[in-house]
Number of protein chains: 2
Amino acid sequence: MDVLKVAAKSKPLSIAGALAGVIRENGSAEMQAIGAGAVNQAIKAIAIARGIVAPSGVELVCIPAFTEVQIDGEERTAIKLIVEPRRR
Amino acid sequence: MDVLKVAAKSKPLSIAGALAGVIRENGSAEMQAIGAGAVNQAIKAIAIARGIVAPSGVELVCIPAFTEVQIDGEERTAIKLIVEPRRR
């Protein structure tokens, strides 16, 4: 599964559209954000994506976790966000 | 239900403990964060709280939404995060 990498400059509406597309195709999506600005944009995108998929009867929830990533050979702690439909 | 207000200076571990307590008592919790720094601490707290309650067989998910709040008579957009056990 492709990981949607979110940056502080990412536009929440664009990420939300991508998120809805990935979830429609794969059933769930994984986002990755490093730093407060990126995490904030990712969360806004999830709030918007909930509205995009809601008319199809899908209610999205998100599962946050820590993850270690390598950036320029340096270990950084990123936030991983799994976004998927709530099980009924 | 009391709303856990998270600030950029809030300590994720402390919020996580409060979060786990509120969920144990009420079944779910609501957090509110204004600004990227606060949203970031709130998401870290949820990731930590997932680990706190996991041994009890509870898997927490989070539902982000926008909400308007009044701060010093001014309208601000906050992020509301509902945290609750995943339905099985």
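The values are calculated or read from the model by the stated rules, or taken from the named source; none is laboratory data. The model shown is predicted, which means the values in this text are computed figures rather than measured ones. Note: ideal-geometry Cβ built from the backbone for every residue, glycine included; neighbour counts use all protein chains shown. When the accessible area is computed, the model is the full protein with side chains, heavy atoms only, and any ligands, DNA or RNA have been set aside. Shrake-Rupley method; radii C 1.70, N 1.55, O 1.52, S 1.80 Å.
Please report the accessible area of B:ILE48 (heavy atoms, 1.4 Å probe, ligands and nucleic acids excluded) in Å², nearest 10.
Near enough 40 Å² of accessible area.
Out of B:GLY57, B:THR77, A:VAL22, whose Cα points farthest toward the positive end of the dipole of the protein assembly as shown (charges: +1 Lys, Arg; -1 Asp, Glu; placed on Cβ)?
Looking along the dipole axis, the top candidate is B:GLY57.
So what are the ³J(HN,Hα) numbers for region A:22-37, from phi and the Karplus equation (6.51, -1.76, 1.60; θ = phi - 60°), rounded to whole Hz, Gly and Pro as x?
5, 5, 4, 7, 10, x, 7, 9, 10, 10, 9, 9, 10, x, 4, x
Relative to the other copies, what are the label-point distances for B:PHE66, with labels 7 Å from Cα along the C-beta vector, expressed in nm at one decimal and sorted shortest first?
Inter-copy label distances (nm, one decimal, shortest first): 3.2.
Starting from the residue with the highest accessible area, list B:ASP2, B:ASP72 in decreasing order, probe 1.4 Å.
Sorted by accessible area, descending: B:ASP72, B:ASP2.
Averaging sequence separations of C-alpha pairs under 8 Å and six or more residues apart, then dividing by the length of chain B, give the relative contact order as a whole percent.
32 percent
Find every distance from the label point of B:GLU25 to the corresponding label point in the other copies (7 Å from Cα along Cα→Cβ) and write them in nm, one decimal, shortest first.
Spelled out, the distances from B:GLU25's label point are 4.6 nm.
Could you work out [θ]222 nm for chain A from helices alone, using -39500 (n - 2.57) per DSSP H run of at least four and dividing by all its residues? Round to the nearest 500 deg cm²/dmol.
For chain A, the value works out to -12500 deg cm²/dmol.
Hey, with R₀ at 35 Å, roughly what FRET efficiency would B:PHE66 and A:GLU74 work out to, going by the Cβ-Cβ distance, to 0.05?
That gives a FRET efficiency of 0.55.
Roughly how many Å² of A:SER56 are accessible to a 1.4 Å probe, to the nearest 10?
My reading of the accessible area for A:SER56 is about 90 Å².
If ligands, DNA and RNA are left out, what is the accessible area of B:ARG50 with a 1.4 Å probe, given in Å² to the nearest 10?
50 Å²
With θ set to phi - 60° and the Karplus curve 6.51 cos²θ - 1.76 cosθ + 1.60, what are the ³J(HN,Hα) couplings of region B:68-82 in order, to the nearest whole Hz, using x for Gly and Pro?
Calculated HN-Hα couplings, in order: 9, 10, 9, 10, 6, x, 10, 7, 10, 8, 10, 9, 9, 10, 8 Hz.
Of all the accessible heavy-atom surface of the protein assembly as shown, with the other protein chains kept in place and a 1.4 Å probe, what percent is carbon and sulfur?
Summing carbon and sulfur atoms, their accessible area is 50 percent of the total for the protein assembly as shown.
Determine the dipole magnitude for chain A: charges of +1 sit on the beta-carbon of Lys and Arg, -1 on that of Asp and Glu, nothing else is charged, the reference point is the Cα centre, and the result goes in debye to the nearest 20.
Computed about the Cα centre, the dipole is about 460 debye.
Leaving out ligands and nucleic acids, note down the accessible area per residue over region A:39-88 with a 1.4 angstrom probe, in whole Å².
Normalised by residue count, the accessible surface of region A:39-88 is 48 Å².
When the Cα atoms of chain B are enclosed in a convex hull and the volume is divided per residue, what value in Å³ results?
85 Å³
Mind checking the full-extension length gain between A:ARG24 and A:LYS9? Use 0.36 nm per residue of separation minus the Cα-Cα distance, one decimal, nm.
Net length gain for the segment: 2.9 nm.
Let me spell out the model: positive unit charges on the Cβ of Lys and Arg, negative unit charges on the Cβ of Asp and Glu, origin at the Cα centre of the protein assembly as shown. What dipole size does that give, in debye rounded to 20?
Using only the charged Cβ atoms, the result is roughly 280 debye.
Please report the Cα spread of the protein assembly as shown along all three principal axes, rounded to whole Å, starting with the longest.
Computed over the protein assembly as shown, the largest-to-smallest principal extents equal 37, 37, 35 Å.
Ranked from the most accessible area to the least, with a 1.4 Å probe and all protein chains present, what is the order of A:LEU81, B:LEU4?
Highest to lowest solvent-accessible surface, that is B:LEU4, A:LEU81.
Could you give, in nm with one decimal, how far B:PRO85 is from each other copy of that position, shortest first, with labels 7 Å out from Cα toward Cβ?
When each copy's label point is compared with this one, the spacings are 2.4 nm.
So who's got an amide H within less than 5 Å of the one on A:GLY35, skipping anything under 5 residues away but keeping other chains? H placed 1.01 Å off N, in plane.
The list, which skips near neighbours in sequence, is A:ILE79.
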